[in-house]
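Reading through the structure tokens given below for one structure.
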Amino acid sequence: MDTPLTPLESFDTGACAPRYLTAEFPGIGGTLKVRPEDFLVEEIPLYNPAGEGEHIFLFIEKRELTTLQLRDALAKHFKVQRNCIGHAGLKDKQAISRQVISIHTPGKKPEDFPSFIHDRARVLWADLHTNKLKRGHLSGNRFSIKVREVEPLAVRAAKGSLELLASHGAPNRIGQQRFGFLHNNHLVGREMILGNWEEVINLILSPNPDAPLSSADARNAFSAGQYRDAFDLMPKVFKIERNLLRALSNEHSPEKAMKAIDPTAAGFFISAFQSAVFNLVLNQRIDSGNINQLVEGDLAFVMKNRSTFLVDSDELSSVETRLNERVESFELSSTGPMWGTSMDRTSGTIDQIELDALRIAGLDPSDLERCETRSGYPMIGGDRRPMRIPVIDPEIEGGIDEHGAYIRCAFELGRGSFATTVMDEIMKTPIAGV
């Protein structure tokens, strides 16, 4: 008989398996991202550029390219530092995506530079604006997604799931891509918070069955302590890994080697840990049946202005009907924790649930405070995240094209939400291809 996993082991293996709000409809199965054209995403800007200012705004379509890879290519083209490049969000690599990028070039206009030429990206328009584009400066994203290796008649079940999500909202689960191709970004983040630098490096560089084959020889060399060989063998596309290996080959300590990680990437690992804890709390709220309502101790999220307020017993008893109406109309949502030192806390039973989730993941609030003091890593995202999201203007169809059968789902989501969480409710299988 298999030994049951402890709570920490369950968290470590990524077990926080999703709970489905659409359980009444069968999953359609299938595969995402068989080809980039099957996953289209277009950023919906929060505002239009002013037409003047020190920042060039480019609306770029990219194919099989991460946002950070695009950032690096633009920094080289415009001859600026990477911190002069701004973007509102990180878009999928295995996709065709369109997003706005800003470049700080004081006194210069787009026509002062040669055309940006890249084999996997093209500029759709250029303009000027007064401010740098920052994370979260977008209204949302519009998705058009084809599921392959699926029976087109299963569109009926898909339609039922998507319509239910459009009516009641989708769980705002943080998608699998946040946890990386090794599925362990959240574990890297936890060890960074604890200051376990050697373990961080092992998680990033050790042999792993989920790692791309192109990195296997480098990982084996790292495991054997052959850091210079590992650096030479690691493909150039793996910049974090190569930077760590270069530092280790120069006999830097694990703690010093960690300084070679780009601050944006370091923050992404910590964000992955916060995301995994949020997903754990989200599952608990679905299990309890109160994800679509506010209860005493909640911090309610106001969708329009992204503010929050504490739901106490007096407020529930005096305006309970009105609160329920506002939840049903997507004006309000319950929230979950993106744990950090500046995060607003819930109260009572809800606060205890969130504390328990953090402790299941192996940390305590005091660990977060020590992290900032010790390493300087900010606990980014110390904030509240809505538990559910509106699924706007859904479309669905089944068909056959030159590549075979498909079911296409299209919808709009607000910023910070993942299309794969909606697709998971429809497919109800471990999503291949993300």
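The values are calculated or read from the model by the stated rules, or taken from the named source; none is laboratory data. Quick caveat, the model's predicted, so the values are computed rather than measured. Positions of Cβ are backbone-derived with ideal geometry, glycine not excepted, and every protein chain shown enters the neighbour counts.
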Inset, instruction - Could you identify the single residue in Ser102, Ser97 that is in a strand (DSSP E or B), at pLDDT 95 or above and over 23 Å from Gln177 (Cβ atoms)? - result: Ser102
Inset, instruction - Find the residue count for the stretch 218-245, including only residues that are surrounded by 16 or more Cβ atoms within 10 Å (Cβ to Cβ) and farther than 17 Å from Ala265 by Cα. - result: 11
Inset, instruction - Select from the stretch 19-36 the residues that are assigned to a loop (DSSP other than H, G, I, E, B), at negative phi and in contact with a Lys or Arg (Cβ under 7 Å, 6 or more places away or on another chain) and list them in ascending order. - result: Tyr20, Gly27, Val34
Legend entry - Single match in Asp367, Asp356, Asp344 (criterion: surrounded by fewer than 21 Cβ atoms within 10 Å (Cβ to Cβ) and within 23 Å of Gly416 (Cα to Cα)): Asp344
Legend entry - Complete set of residues in the stretch 51-64 that are over 11 Å from Arg122 (Cβ atoms) and of a type in the set (A, V, I, L, M, F, W, C): Ile56, Phe57
Inset, instruction - With the condition kept exactly as written, say whether any residue in the stretch 105-116 is touching a residue at least 60 places away in the same chain (Cβ under 8 Å) and surrounded by 16 or more Cβ atoms within 10 Å (Cβ to Cβ). - result: no
Inset, instruction - Of the numbered conditions (1) part of a helix (DSSP H, G or I); (2) within 20 Å of the chain's Cα centre (by Cα); (3) among the charged types (D, E, K, R), Glu255 fails exactly one; give the number of that condition. - result: (2)
Inset, instruction - Only residues in the stretch 414-428 that are outside the structural domain of Glu331 (by TED's automatic domain parsing) and part of a loop (DSSP other than H, G, I, E, B) count as the first member; pair them with residues that are modelled with pLDDT of 95 or more and hydroxyl-bearing (Ser, Thr, Tyr), Cβ under 9 angstrom, at least 6 apart or cross-chain, and list the lot. - result: Lys428/Ser161
Inset, instruction - Output the residue which, of all residues in the stretch 386-404 that are more than 27 Å from the chain's Cα centre (by Cα) and not in a strand (DSSP E or B), is surrounded by the most Cβ atoms within 10 Å (Cβ to Cβ). - result: His403
Inset, instruction - Working carefully through the options Val150, Val155, find the one that is part of a helix (DSSP H, G or I) and in contact with a Gly (Cβ under 9 Å, 6 or more places away or on another chain). - result: Val155
Inset, instruction - Kindly indicate which of Phe278, Phe269, Phe231, Phe222 is in contact with a strand residue (DSSP E or B) (Cβ under 7 Å, 6 or more places away or on another chain) and among the aromatic types (Phe, Trp, Tyr). - result: Phe278
Legend entry - Qualifying positions in the stretch 280-310 - touching a Pro at 6+ places or on another chain (Cβ under 8 Å) and within 19 Å of Arg345 (Cβ to Cβ): Val281, Leu282, Phe301
Legend entry - Complete set of residues in the stretch 37-60 that are touching a Phe, Trp or Tyr at 6+ places or on another chain (Cβ under 7 Å) and either at positive phi or not aliphatic (A, V, I, L, M) (or both): Pro49, Phe59
Legend entry - Single residue of the stretch 37-88 satisfying the filter (in a helix (DSSP H, G or I), of a type in the set (D, E, K, R) and out of contact with any strand residue (DSSP E or B) (no Cβ under 8 Å at 6 or more places or on another chain)) that is surrounded by the fewest Cβ atoms within 10 Å (Cβ to Cβ): Lys76
